[in-house]
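J.: Handing you a structure now.
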Amino acid sequence: MSEAEHRIDTSVPHSARIWNYWLGGKDNYPVDEAAGDAYTAVFPGIVTIARSSRAFLGRTIRHLAGEAGIRQFLDVGTGLPTVDNTHEVAQSVAPDARIVYVDHDPLVLTHARALLTSTPEGATDYVDADLYDTERILGAAAKTLDLTRPTALILSGILGHVADYDRARGIVRDLLAGLPPGSYLSLNEGSRGTDPDYEQAQDAYNETGAVPYFLRPVEQIEAYFEGLELVEPGVVSVPLWRPEASASGVAAPAIGQHGGVGRKR
Ligand SMILES: C[S@@+](CC[C@H](N)C(=O)[O-])C[C@H]1O[C@@H](n2cnc3c(N)ncnc32)[C@H](O)[C@@H]1O
């Protein structure tokens, strides 16, 4: 057994594994399934939120690799490999895209190394680092990415793990400071104010011993983009960000997950 596997604690539910459970994945333990089910008993909408957040991520990456012409991606808080991982979406548009994934969870590390493999033309790398250590993240990313060239920073469902909002904003600022003008931020986070059941389920989850995740008012999610030029339609509930035509032609309803894409001037 590797050192990383030794560090996997299967007695406490874990964010990445519960998220994987809601996304329909198999990389989770009974403790995660129990925590996931306790959550959906109070707020079943979390499954739609998890899946809509991944769909938003996919649409933003397609936009960045396509229209915006970005070839480098720094995805911090990668999660367990699932469908439409960042490098798969980016490299399906631009096979030469280079992606650095960052996470601090040993299970994520083990799976990512095995599964996140690149096209021959591009590159993927995996960095075991903490979100708080922005200097280390940028230093390690620079081994695979040319950080003098525009790069997309991906923060998807990770900043809610930072209890102190000002600290979370500082992390976004510090990471963007290491990227040149013309770089982008794709960000989406759980939001308060849409459904009291969501807030109740999240509060209960935060008592389980798992690393807590804090839902934030939409204005706070918008403020992560301060100083950036927002790509249309701005910061919105994720299903409303450049939705693809649905089979029924009916627009998906707004949910408690907000996000957007911004460009560094
Ligand atoms: C809810 S998952 C989101 C996964 C993926 N980005 C997505 O949108 O589907 C949050 C991820 O952030 C990682 N994470 C949480 N706190 C972190 C920290 N302080 N440093 C690095 N990664 C962290 C977790 O391990 C997990 O993989």
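The values are calculated or read from the model by the stated rules, or taken from the named source; none is laboratory data. This one's a predicted model, so the numbers in the text were calculated from it and none came from an experiment. Positions of Cβ are generated from backbone atoms using ideal geometry, with glycine treated the same way; all protein chains shown enter the neighbour counts.
J.: Taking residue 136 and the conditions (1) surrounded by fewer than 19 Cβ atoms within 10 Å (Cβ to Cβ); (2) in contact (Cβ under 8 Å) with a residue 24 or more places away in the chain; (3) in contact with an Asp or Glu (Cβ under 9 Å, 6 or more places away or on another chain), which numbered condition does it fall short on, given that it satisfies the others?
T.: (2)
J.: OK, next. Does segment 87-100 contain any residue that is within 10 Å of the ligand (Cβ to nearest atom) and closer than 28 Å to residue 238 by Cα?
T.: The answer is no; no qualifying residue exists.
J.: Here is a check on your reading of the model: is residue 18 aliphatic (A, V, I, L, M), in contact with a Gly (Cβ under 6 Å, 6 or more places away or on another chain) and surrounded by 22 or more Cβ atoms within 10 Å (Cβ to Cβ)?
T.: Taking the combined requirement at face value, the residue satisfies it.
J.: Taking the condition of being crowded, with 17+ Cβ neighbours inside 10 Å, touching a helix residue (DSSP H, G or I) at 6+ places or on another chain (Cβ under 7 Å) and more than 18 Å from residue 198 (Cβ to Cβ), how many residues in segment 209-227 meet it?
T.: Matching residues across segment 209-227 total 1.
J.: Filter segment 20-52 down to residues that are within 13 Å of the ligand (Cβ to nearest atom) and in contact with an Asp or Glu (Cβ under 9 Å, 6 or more places away or on another chain) and give me whichever is nearest to residue 258 (Cα to Cα).
T.: 20
J.: Can I ask one more? Among the residues of segment 101-125, which ones are within 9 Å of the ligand (Cβ to nearest atom) and over 15 Å from the mean Cα position of the chain (by Cα)?
T.: 107, the sole residue that qualifies.
J.: Yes or no: residue 83 loosely packed, with under 14 Cβ neighbours inside 10 Å and either within 12 Å of the ligand (Cβ to nearest atom) or at pLDDT 95 or above (or both)?
T.: So residue 83 fits the description; yes.
J.: Can you say whether residue 65 is crowded, with 19+ Cβ neighbours inside 10 Å and out of contact with any strand residue (DSSP E or B) (no Cβ under 6 Å at 6 or more places or on another chain), as far as the supplied structure shows?
T.: yes
J.: Quick one: would you say residue 151 is β-branched (Val, Ile, Thr), under 28 Å from residue 191 (Cβ atoms) and near the ligand (Cβ under 10 Å from one of its atoms)?
T.: no
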